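Participant: Quick one: the structure is below, and I'll ask about it shortly.
The values are calculated or read from the model by the stated rules, or taken from the named source; none is laboratory data. Every value quoted in this text rests on a predicted model; they were computed, and no experiment measured them. Don't worry about glycine lacking a Cβ; one is built from the backbone with ideal geometry, like all the others, and counts go over all protein chains shown.
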Amino acid sequence: MTETNDTSGWVRSWGASPQAAHDGLGSLDGHPPLADVTLRQVVRVSGGGRRVRVRFTNEFGTAPFVIGAARVALAAPDGGVRPGSERALTFSGAPAVTVPAGAPILSDPADLPLPALAKLSISLYLPGRVETCTCHDPALETGWTIPGDAVAALTLPASAEVLPVRALISAVELLPDAPARAIVVVGDSRTDGVGSTLDANHSWPELLAERLAEQGVAAGYVSNQGISGNRLLNDGIGVAALARFDRDVLATPGLGYVVLSVGANDIGVSFAPRDDGPLADFLKMFPGEPVAADDVIAGYRQLVARARERGVRVCATTIAPYEGAEIYTPEGESARQAVNEWIRTSGAFDTVLDFDAVWRDPDRPGRIRADFHVGDHLHGNDAGYQALADSIDLSLFS
């Protein structure tokens, strides 16, 4: 039996797409190597369940690393854990495991009842050195490094230091009390939640999860597979969506719905102004030839075909405005409008979420409303992401 489409077993309740440390926003640059330290990271699950397992990742690692011990617990404030909720994780029954280079590894299931929207603390001890850290950049929720083996610490020691990325974890999967389905969102920084308040869980997929939990929708399990700077067709910041789709989306336990919210960076980078200033240095992070609207549409068709092979419903969001951002050009705006027209009218998707309509300024439709962006005319603020989540008809996932 495969778990990819199984709505009666394990369901992914939290996710963060893995990246190479050098392939993100550079948040680990200058950070000391991870060696003889405990990582403590907090994630908020979407739907709840009675058993939990954690997916650790070395998928971009160049050498194996050892997890000497690992624990999960209900998170308490300031990096602490709720006493009595701690559960030691094992791996094929053993308390330690070597994670091979290029591979993920699942923990054994642990009995730990988790309500919807619970915050889960994940601690893992690294007795040796991690040569290359597979991570997700940025984290948007504070994590810490603690010297030595501190997986059993109930409170955060004074020696703890902030960890600037999601390191070595990529998913939390739960066994629900009733059949459930996962919604996986694949996208870029606007999906990732850039511009939202740190530690507040205010990306639009997380806010959607809150609405689903409030309504008790069975498909209340939302996995955010956004990567800041990501593109549909070409690598650059993170592996291209076309290349990571099988791993990050189609292999998701309990997969029921896919939401495609990618393509903005393909257009923005391809049509961005070319000069010798700071923007030119930024654009060097995005290799490959420029693409046109038809190329983005072709990429969407590929993702739809691959998702439909798994029997899941496919949604798409229109591409939101970006006039006023450094990468904006009128040519890029024309391409955005062409892609959006196709998304709205092609019939390629089971449903369309018109994020462009939600965010655009009625007086200047090429721009985001001033009260919805963080100041850069590109990324949402908390109110902007809330507006996107609130615009979604929850009956689409029932």
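Participant: Might you check whether a residue that is of a type outside the set (Val, Ile, Thr) and within 30 Å of ALA243 (Cα to Cα) occurs anywhere in the range 72-95? Don't jump to the end; show me each part of the working.
Facilitator: First, the residues of the range 72-95 that are of a type outside the set (Val, Ile, Thr): 73-80, 82-89, 91-95.
Pick out the ones that are also within 30 Å of ALA243 (Cα to Cα) and you get 91.
Among the residues of the range 72-95, at least one is of a type outside the set (Val, Ile, Thr) and within 30 Å of ALA243 (Cα to Cα), which makes the answer yes.
Participant: Which of (1) polar (S, T, N, Q); (2) more than 21 Å from GLY143 (Cβ to Cβ); (3) touching a His at 6+ places or on another chain (Cβ under 7 Å) does GLN19 not meet, given it meets every other one?
Facilitator: GLN19 satisfies every listed condition except (2).
Participant: If you don't mind, there's one more thing I want to ask. Please list, ordered by residue number, the helices (runs of 4 or more DSSP H) wholly in the range 313-398 having 2 or more residues that are within 16 Å of SER261 (Cα to Cα), in the same structural domain as TRP204 (by TED's automatic domain parsing) and touching a residue at least 40 places away in the same chain (Cβ under 8 Å). Before you say what the answer is, go through the steps one by one.
Facilitator: Details: elements: 330-345, 355-359, 382-390.
Those helices (runs of 4 or more DSSP H) span 330-345, 382-390.
Participant: Do you know which of the residues in the range 25-69 that are of a type in the set (Lys, Arg) and surrounded by fewer than 22 Cβ atoms within 10 Å (Cβ to Cβ) is farthest from PRO147 (Cα to Cα)? If you could, list the steps in order and put the result at the bottom.
Facilitator: Looking only at the range 25-69, we keep the residues that are of a type in the set (Lys, Arg), and these are 40, 44, 50-51, 53, 55.
When the remaining residues are screened for being surrounded by fewer than 22 Cβ atoms within 10 Å (Cβ to Cβ), the result is 44, 50-51, 53, 55.
On the way: ARG44: 25, ARG50: 32, ARG51: 29, ARG53: 25, ARG55: 23 Å.
Per the stated criteria, the residue is ARG50.
Participant: Mind telling me which of the residues GLY268, GLY193, GLY226, GLY277 ends up being on the phi > 0 side of the Ramachandran plot and in the same structural domain as LEU353 (by TED's automatic domain parsing)?
Facilitator: Values: GLY268 fails: on the phi > 0 side of the Ramachandran plot; GLY226 fails: on the phi > 0 side of the Ramachandran plot; GLY277 fails: on the phi > 0 side of the Ramachandran plot.
The match here is GLY193.
Participant: Here is a check on your reading of the model: is PRO138 over 25 Å from SER398 (Cα atoms), surrounded by fewer than 21 Cβ atoms within 10 Å (Cβ to Cβ) and modelled with pLDDT under 95?
Facilitator: Numbers: over 25 Å from SER398 (Cα atoms): yes; surrounded by fewer than 21 Cβ atoms within 10 Å (Cβ to Cβ): yes; modelled with pLDDT under 95: yes.
It is true that PRO138 is over 25 Å from SER398 (Cα atoms), surrounded by fewer than 21 Cβ atoms within 10 Å (Cβ to Cβ) and modelled with pLDDT under 95.
Participant: May I ask you to verify whether PRO77 is loosely packed, with under 14 Cβ neighbours inside 10 Å and either in contact with a Lys or Arg (Cβ under 9 Å, 6 or more places away or on another chain) or over 19 Å from ILE146 (Cα atoms) (or both)?
Facilitator: No; evaluated as a whole, the condition is false for this residue.
Participant: Let me ask something else about it. Which members of the range 221-239 meet the condition of being buried (at least 20 other Cβ atoms within 10 Å of the Cβ) and over 21 Å from LEU140 (Cα atoms)? First the steps, then the outcome.
Facilitator: So the first thing to find is which residues in the range 221-239 are buried (at least 20 other Cβ atoms within 10 Å of the Cβ), and the list is 221-234, 236-239.
The answer is LEU232, LEU233, ASN234.
The rows are residues; the columns are (1) under 27 Å from HIS22 (Cα atoms); (2) aliphatic (A, V, I, L, M).
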site	(1), (2)
TRP144	yes, no
ALA152	no, yes
ALA160	yes, yes
ALA171	yes, yes
LEU174	no, yes
GLY187	yes, no
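Participant: Taking the range 150-188 as the region of interest, how many residues are among the hydrophobic types (A, V, I, L, M, F, W, C) and either under 26 Å from ILE319 (Cα atoms) or in a loop (DSSP other than H, G, I, E, B) (or both)? Lay out the reasoning, then the answer.
Facilitator: Going residue by residue through the range 150-188, those that are among the hydrophobic types (A, V, I, L, M, F, W, C) are 150-154, 156, 158, 160, 162-163, 165, 167-169, 171-172, 174-175, 178, 180, 182-186.
Those left that are additionally either under 26 Å from ILE319 (Cα atoms) or in a loop (DSSP other than H, G, I, E, B) (or both): 150-154, 156, 158, 160, 165, 168, 178, 180, 182-186.
Summing the residues that are among the hydrophobic types (A, V, I, L, M, F, W, C) and either under 26 Å from ILE319 (Cα atoms) or in a loop (DSSP other than H, G, I, E, B) (or both) in the range 150-188 gives 17.
Participant: Quick one: which of GLU326, GLU333, GLU309 is among the acidic types (Asp, Glu) and in contact with a Leu (Cβ under 8 Å, 6 or more places away or on another chain)? If you could, list the steps in order and put the result at the bottom.
Facilitator: Details: GLU333 fails: in contact with a Leu (Cβ under 8 Å, 6 or more places away or on another chain); GLU309 fails: in contact with a Leu (Cβ under 8 Å, 6 or more places away or on another chain).
It is GLU326.
Participant: Further, regarding this structure: Please specify each residue of the range 138-166 satisfying the condition of being touching a helix residue (DSSP H, G or I) at 6+ places or on another chain (Cβ under 9 Å) and among the acidic types (Asp, Glu).
Facilitator: Result: no residue meets the conditions.
Participant: Considering only residues that are among the hydroxyl-bearing types (Ser, Thr, Tyr) and in a strand (DSSP E or B), look in the range 34-72 and name the one that is nearest to SER92 (Cα to Cα). Quick ask: steps written out before the conclusion?
Facilitator: Within the range 34-72, the first condition is being among the hydroxyl-bearing types (Ser, Thr, Tyr), and the residues that meet it are 38, 46, 57, 62.
From the residues that got through so far, the ones that are in a strand (DSSP E or B) too are 38, 57.
On the way: THR38: 21, THR57: 16 Å.
Among residues in the range 34-72 that are among the hydroxyl-bearing types (Ser, Thr, Tyr) and in a strand (DSSP E or B), the one nearest to SER92 (Cα to Cα) is THR57.
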